[in-house]
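The values are calculated or read from the model by the stated rules, or taken from the named source; none is laboratory data. Bear in mind the structure is a predicted one, so any value in this text is a computation, not a measurement. A quick note on method: Cβ atoms are made from the backbone with ideal geometry, for glycine too, and the neighbour counts reach across all protein chains shown.
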Amino acid sequence: MRKLLQSLHDRLPGWVTDWLDTVVPVLEVLFIGLAAWLLMRLARQLMRRASRTYGLPVSFATLFLRVAAVLVYGGALLWALERFGVSGAVLWSAFTGFATVAAVAFFAAWSVLSNLFCALLIYTTRAFRVGDMVELLEPGGTPLVKGRVADINLVYTTLHETGDGSNGTRLQLPNSLFFQRALRRWHGEVAEAAGEADGG
């Protein structure tokens, strides 16, 4: 492509080459922007399909699409800047500086990210659903906590320990806790019976 542009550049009059030096990078940047937009459109369609198939919550899909948008559009911006002549060394220095800050933030927010990942696992493995009765067990088999699942979000799972939806006690457990302990689960009519036997 470069050789073709150079040979075209050498054959044209001077006033056209000045114009061509401006138009070609603009067209390349427009193409990069279009490719990034198409890639994000594909990501949205794939996330919609995955949400329908695995029952992923809207908040998880939104978070995934925002992260994907930052990566795709950020990469497109860096590529577009390179087409306008910004040095690769400058871009690399900026990227590595940003990556270092992101790595520090990643380790600082490790527990939150762990809960986000565990929320994804809860939805994809169908470990339990809203309305199920669940009980966490200590390693020796001693019951730790038991309740009906009221809500599953990206960080916590909310259980009704006693009472109904408007009365009683609620307990919010980090999603990662469900993968650190043994889990007993009742669903359907069995969950109703277990809740009534438990007084909830």
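Before moving on, here are some points about what is shown:
- Number of positions in region 61-83 that are surrounded by 11 or more Cβ atoms within 10 Å (Cβ to Cβ), within 24 Å of Leu27 (Cα to Cα) and either at pLDDT 85 or above or not basic (Lys, Arg) (or both): 13
- Residue pairs meeting the criteria (Cβ under 7 Å; at least 6 apart or on separate chains; first assigned to a loop (DSSP other than H, G, I, E, B), in region 115-144; second at pLDDT below 85 and surrounded by 15 or more Cβ atoms within 10 Å (Cβ to Cβ)): Arg129/His187; Gly131/Ala191; Asp132/His187; Asp132/Ala191
- Taken over region 91-126, the criterion of being more than 19 Å from Ala61 (Cβ to Cβ) and either in the same structural domain as Trp186 (by TED's automatic domain parsing) or not hydrophobic (A, V, I, L, M, F, W, C) (or both) is satisfied by Ser93, Thr96, Gly97, Thr100, Ser111, Ser114.
- Looking across region 105-134 at every residue that is of a type in the set (Gly, Ala, Ser) and in contact with a helix residue (DSSP H, G or I) (Cβ under 9 Å, 6 or more places away or on another chain), the one that is farthest from Trp186 (Cα to Cα) is identified as Ser111.
- Each residue in region 145-183 was checked for being at pLDDT 85 or above, surrounded by 14 or more Cβ atoms within 10 Å (Cβ to Cβ), part of a strand (DSSP E or B) and of a type outside the set (A, V, I, L, M), and 9 of them qualify.
- Evaluation of Val72 against (1) touching a Pro at 6+ places or on another chain (Cβ under 7 Å); (2) outside the structural domain of Pro174 (by TED's automatic domain parsing); (3) not hydroxyl-bearing (Ser, Thr, Tyr) (one fails), failing number: (1)
- Some residue of region 24-34 being modelled with pLDDT under 75 and surrounded by 12 or more Cβ atoms within 10 Å (Cβ to Cβ): no
- Residue within region 48-60 that is within 15 Å of the chain's Cα centre (by Cα), of a type in the set (Lys, Arg) and surrounded by 12 or more Cβ atoms within 10 Å (Cβ to Cβ) present: yes
- Residue list for region 24-40, filter: under 24 Å from the mean Cα position of the chain (by Cα) and either among the β-branched types (Val, Ile, Thr) or under 14 Å from Val70 (Cα atoms) (or both): Ile32, Gly33, Ala36, Trp37, Leu39, Met40
- Positions within region 54-72 being in a helix (DSSP H, G or I) and not hydrophobic (A, V, I, L, M, F, W, C), in sequence order: Tyr54, Ser59, Thr62, Arg66
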